[in-house]
Amino acid sequence: MKHLFRSFIAILACAALPLAVQSQDKVIRVGVLMPISGPGSYFGVMGKEGIDLALEQVAKTDLKGTKLQVQYEDSACSPLQATNTVKRVLDQFKPHIVIGEECSDATLAIAPILEQAKVVQLNAGSVTMKLTESGYKYVFRIFPNAEQQSAPLVKVAREKLKAQTAVILYEKTNAGNDNAEGFEKPFVAAGGKVLAKIDFGRDVNDFTAIATRIASLGKVDVLPTFALEGQQVRLSQALAQARVVKGGGGSGVQMGSIWLPWGYDQKAGKAAIGYVRIVQFDPTEKRKIVQDFIKAFQAKYGADKTPTHINAHAYDALLLVAEAVRRGAKDSEGIRSQFSKFKDVEVTTGRITFDQKGQNSDLSVVHFVETQPDLSWKGMSWQ
Amino acid sequence: MTDFLTLFIQQSVNGVYLGCLYVMVALGLTLIYGVLNQINFAHADFVTVGAFAAFFTATRFATRVLGIPDTGAYLLSLFSALGAGALLGWLVSAAVFAPLRRSGADELRPLIATIGVSVLLENGQLALFGPIPYQFDSPLARETLRIGKLFISAQSVLVVAVSAAAIAALYAFMRFTFMGKALRAVAQDRETAGLMGINENLVIALTIVIASALAGVAGALLGPVVVLTPFTGASLIVKAFACVIIGGFGNMEGTIVAGLLIGVIEAFTVQYLGSGLIDLVVFAMLLAMLVVRPTGLVAERKEENV
């Protein structure tokens with residue numbers, strides 16, 4: 001009787017094994033490396049909100065029996081911590097794809113490790129040119145890179161604003177450096193003059209001395225600025241106090257890229273008046289996919305919350321993974337192959353077509369806005 | 001603003017205001033070191049607690065509950081930050097420093113304890129308030145005073161005024177009150193002060209409370225200037241340590257002079273060398289001071305009549 005029972009159990013186990021293997025095959029493991037601790041943790045919080053929402057939306061669709069399994073890990077915007085974390089994730093979780101990181105320095109640190117492991121890295125927040133210029137085959141990025149962000153600023157500065165002089169302000173990181181260079185080179189090549197390039201660390205709090213210095217340089221036509229929202233608010237206020245920018249009665253036009261989220265203008269107040277910048281995620285955009293995203297976001301997180309581009313990019317990243325699975329991807333190579341074939345895949349932040357370097361080359365929804373006296377955005381017809 | 005004199009005065013004004021912020025953060029550090037011979041690594045977090053206390057008082061309690069207009073709400077928040085800092089200091093003193101002193105702990109254990117308190121406070125605030133920056137606007141930060149081409153925000157004037165008042169109050173306390181003299185006596189020689197009938201535990205607790213209250217007020221002044229997150233205090237603490245070292249450990253006059261000096265040097269470094277070199281210049285100054293005059297800018301008096 002015991003022997004019969006044991007045989008029965010063994011037969012059951014053997015029958016279950018192919019099912020277990022099959023169910024393992026039907027899971028796509030997504031590692032998410034975001035800063036969850038430290039000063040950069042607000043990226044991680046917003047990124048997680050976007051991905052959690054995307055998971056809910058994907059669950060309502062048909063993924064051909066495949067499940068997305070997401071594991072969040074803290075990389076703290078730090079190259080060292082990101083490196084240690086990604087190695088541990090690769091060893092223990094064995095992801096098919098990693099979404100991350102947000103900060104360019106940490107993103108660059110994990111890229112070669114993921115490349116070596118042949119795991120796709122989908123980046124939705126870093127700007128540095130080095131990520132897609134280093135020849136990695138497994139790196140894809142949906143966030144516009146430094147050149148894609150700075151080139152339109154230069155064009156508008158010279159052609160629309162007739163700017164002759166510029167002062168470039170940027171945070172002292174890979175992202176800030178690349179954006180600053182991305183503006184300086186074409187601006188000078190087009191005949192403009194850069195009066196100063198002023199960098200500052202993320203720990204700089206008071207910008208009065210910087211604003212005073214800029215005021216002493218003479219007439220400044222444009223001030224392209226590449227900093228996070230918190231510092232940008234204080235910088236704008238200092239520039240307005242020094243009467244350098246329009247918002248303070250000066251003549252200089254502050255210019256910015258998609259770094260700045262919705263809501264910045266209200267925080268900076270009158271100092272933001274006349275601020276010109278490019279945006280990619282625009283909550284006022286009428287596209288159905290954008291409005292549906294905002295409705296779903298507010299239903300989940302509160303009617304008084306408007307999603308930022310950080311929420312939107314993270315949301316899109318997860319949707320793209322789901323789309324790749326829908327098109328037949330079963331593993332990392334499959335995801336990589338599908339991503340390479342993506343053409344005009346619509347997401348909230350526009351359309352996705354990856355070029356040979358893995359960079360999204362479609363900037364069709366990127367447009368300019370100018371902050372009005374009532375602190376609202378006005379879309380400009382410049383492209 | 002191309003006139004050299006105007007520029008010089010403007011950057012000096014910017015530097016003094018910045019220096020006052022550093023002094024407010026550094027004063028508490030130097031006070032604790034002077035009496036306890038100990039560095040408080042949690043000081044930055046006391047500053048942050050003060051900033052959040054001020055934020056919630058000004059933007060929620062004073063305006064919505066008490067119906068006080070903006071400026072009054074912000075000024076009230078300075079007092080709430082002072083109270084929050086003092087309360088926190090008393091709690092940490094009672095729960096951490098006092099037991100360690102009673103157990104006869106060496107100097108290392110309280111030092112490590114302050115690191116633990118710092119981690120606890122930072123992560124506690126992160127859990128309570130989240131990492132997304134808060135917008136703390138003082139109505140005074142929006143007002144700009146102009147004299148010719150010179151400009152200064154009303155917030156900056158407040159920072160200088162409050163710093164001056166805090167320094168004057170502290171000086172008066174130390175000079176003219178019994179507890180102040182007792183504090184100085186304990187700082188000079190704890191054992192002898194005890195033999196003279198001074199309750200050293202009470203004095204030490206009072207020192208920590210005063211230092212923490214100062215940190216709280218520093219946070220309230222900082223809030224409208226910085227990006228307010230649970231990591232706000234950390235962005236200034238390194239400069240505060242530089243003030244303490246350059247001024248002389250435990251030397252209040254030295255800390256004040258050092259803070260103002262660092263602020264002014266920073267402003268002129270931004271003007272003539274670039275903001276990216278601020279840290280290099282300040283820490284070069286710190287190293288030079290340690291080599292040339294390790295006791296600090298202001299010489300420590302060895303004897304004085306209490």
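Every number here is computed from the coordinates shown, using simple stated rules; none is lab data. These figures come from a predicted structure and were not determined experimentally. Cβ: placed from backbone, ideal geometry, glycine included. Neighbour counts: every protein chain shown.
The table that follows gives values for the structure above.
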quantity: Amide H partners (placed H, <5 Å) of B:Gly248, local residues excluded; calculated: B:Leu297
quantity: Shape parameters for the range B:189-259, alpha-carbon atoms, Rg then Dmax in Å; calculated: 15.6, 48
quantity: Using θ = phi - 60° and Karplus 6.51 cos²θ - 1.76 cosθ + 1.60, couplings along the range A:44-55 (whole Hz; Gly, Pro as x); calculated: x, 4, 5, x, 5, 4, x, 5, 4, 5, 4, 4
quantity: Centre separation in Å (Cα based) which lies between the range B:47-82 and the range A:307-339; calculated: 45
quantity: For chain A, built as a Gaussian network whose Cα springs stay under 10 Å, the top-fluctuating residue of A:Phe368, A:Phe207, A:Phe281; calculated: A:Phe207
quantity: Spin-label pair A:Glu133/A:Lys305, simplified geometry with 7 Å Cα→Cβ offset, distance in nm; calculated: 3.7
quantity: Highest-MSF residue in chain B out of B:Gly219, B:Gly276, B:Gly72 [GNM, Cα springs under 10 Å]; calculated: B:Gly276
quantity: Long-range amide H partners of A:Val253 with built H, under 5 Å; calculated: A:Val222, A:Leu223
quantity: Rotationally averaged projected area of the range B:46-130 (alpha carbon convex hull; nm²); calculated: 6.1
quantity: Footprinting exposure proxy for B:Val270, A:Val276, A:Val32 (fewest neighbouring C-beta atoms within 10 Å first); calculated: A:Val276, A:Val32, B:Val270
quantity: Residue-by-residue Karplus 3J(HN,Hα) for the range A:214-225, coefficients 6.51, -1.76, 1.60, Hz, glycine and proline x; calculated: 5, 4, 7, 7, x, 6, 10, 7, 9, 10, x, 10
quantity: Hydrodynamic radius by Kirkwood, which averages 1/r over all alpha carbon pairs of the range B:140-283, in angstrom; calculated: 17.6
quantity: When chain A is reduced to its Cα atoms, the Kirkwood hydrodynamic radius in Å; calculated: 22.0
quantity: Cβ-defined net charge surrounding A:Glu49, 10 Å radius [Lys, Arg +1; Asp, Glu -1]; calculated: +2
quantity: The range B:21-233: mean projected area of Cα convex hull, nm²; calculated: 13.2
quantity: Listed residues A:Asn360, A:Asn179, A:Asn123, most fluctuating in chain A (Gaussian network, C-alpha, under 10 Å); calculated: A:Asn360
quantity: Note, ³J(HN,Hα) from phi for the range B:27-39, Karplus 6.51, -1.76, 1.60, rounded to Hz, x at Gly and Pro; calculated: 4, x, 4, 6, 5, 5, 5, x, 8, 9, 6, 9, 9
quantity: Spin-label proximity, B:Asp106 to the range B:230-254 - amide N less than 11 Å from point 7 Å beyond Cα toward beta carbon; calculated: none
quantity: Chain A: antiparallel DSSP beta bridges as a percent of all, rounded to 5; calculated: 25
quantity: Amide H partners (placed H, <5 Å) of A:Ile99, local residues excluded; calculated: A:Gly31, A:Val32, A:Leu33, A:Leu122
quantity: Kirkwood Rh (inverse of mean 1/r, distinct Cα pairs), the protein assembly as shown, angstrom; calculated: 27.4
quantity: Modelled FRET efficiency - R0 51 Å, A:Lys60 with B:Ala284, Cβ distances, 0.05 increments; calculated: 0.25
quantity: At R0 = 25 Å, FRET efficiency that the Cβ-Cβ distance of A:Gln291 and A:Gln372 yields, to 0.05; calculated: 0.65
quantity: Simple spin-label estimate for B:Ala168 and A:Ala190 in nanometres, 7 Å along Cα-Cβ; calculated: 5.5
quantity: Cα→Cβ-extended label distance, 7 Å offset, between B:Ala154 and A:Gln116, nm; calculated: 5.9
quantity: Point-charge dipole on Cβ atoms (K/R +1, D/E -1) for the range B:21-233, about Cα centre, debye to 20; calculated: 340
